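Below is one structure, written out as structure tokens; the observations come after it.
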Amino acid sequence: MRRVLDTSALLSGRQFPGELLTVPEVLGELSRQGVTPQLEAILETQVRVASAGRPARARALAAAESTGDAHRLSPTDLALVALALEEEAVLVTDDYSIQNVGKALGIPFEPVMERGIREQWRWSYRCSGCGKVWPEWHDDCPTCGAVLRTARPGISQGRGSGRGR
Ligand SMILES: [Zn+2]
């Protein structure tokens, strides 16, 4: 699957699977904010930079005008929408206006922080003495008084996520 990443997606530090693309305008925004060596390595090795052609750009602009988002979208945003349209890619963004225009064009999108929202981490605490696992933190183990350590987190699914998509 191809993904078109916006600036916040690239700055998130998340690893995205599949073929990754972005637009030159995003590289410009990133260089203004300062790029870490890690991000620079990702940009050089994993992300293809491309621009959509005129027809896709025109369709993106027309869709933005029809949904009323045109004035909220930057040239970078429109370039991202156009590239996702042309490449038939998933658009990775948390920007509602971009998502809205993407929807109007039938472009699938993913929020940048999707995992954080869908899967809630639930930490647990294991006693270094008796080994009992506690779902909540205690200064000392209520059973034996030894120190608790943070255990590998489990994933509790479906808690607090009313988002069905
Ligand atoms: Zn204990």
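With respect to the conditions (1) within 16 Å of the ligand (Cβ to nearest atom); (2) surrounded by 16 or more Cβ atoms within 10 Å (Cβ to Cβ), Ala146 falls short on a single one, namely (2). If you go through segment 101-136 and pick out every residue that is surrounded by 14 or more Cβ atoms within 10 Å (Cβ to Cβ), part of a helix (DSSP H, G or I) and modelled with pLDDT under 90, you end up with 2.
Residues are listed down the side, and each one gets a yes or a no for (1) over 17 Å from Arg3 (Cβ atoms); (2) within 16 Å of the ligand (Cβ to nearest atom); (3) touching a strand residue (DSSP E or B) at 6+ places or on another chain (Cβ under 8 Å); (4) at pLDDT 95 or above:
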residue: Ala50; (1), (2), (3), (4): no, no, yes, yes
residue: Leu85; (1), (2), (3), (4): no, no, no, yes
residue: Cys141; (1), (2), (3), (4): yes, yes, yes, no
residue: Thr150; (1), (2), (3), (4): yes, yes, yes, no
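The values are calculated or read from the model by the stated rules, or taken from the named source; none is laboratory data. A quick note: this is a predicted structure, and the numbers were derived from the prediction, not measured. FYI the Cβ positions are ideal-geometry reconstructions off the backbone, even for glycines, and counts take in every protein chain you see.
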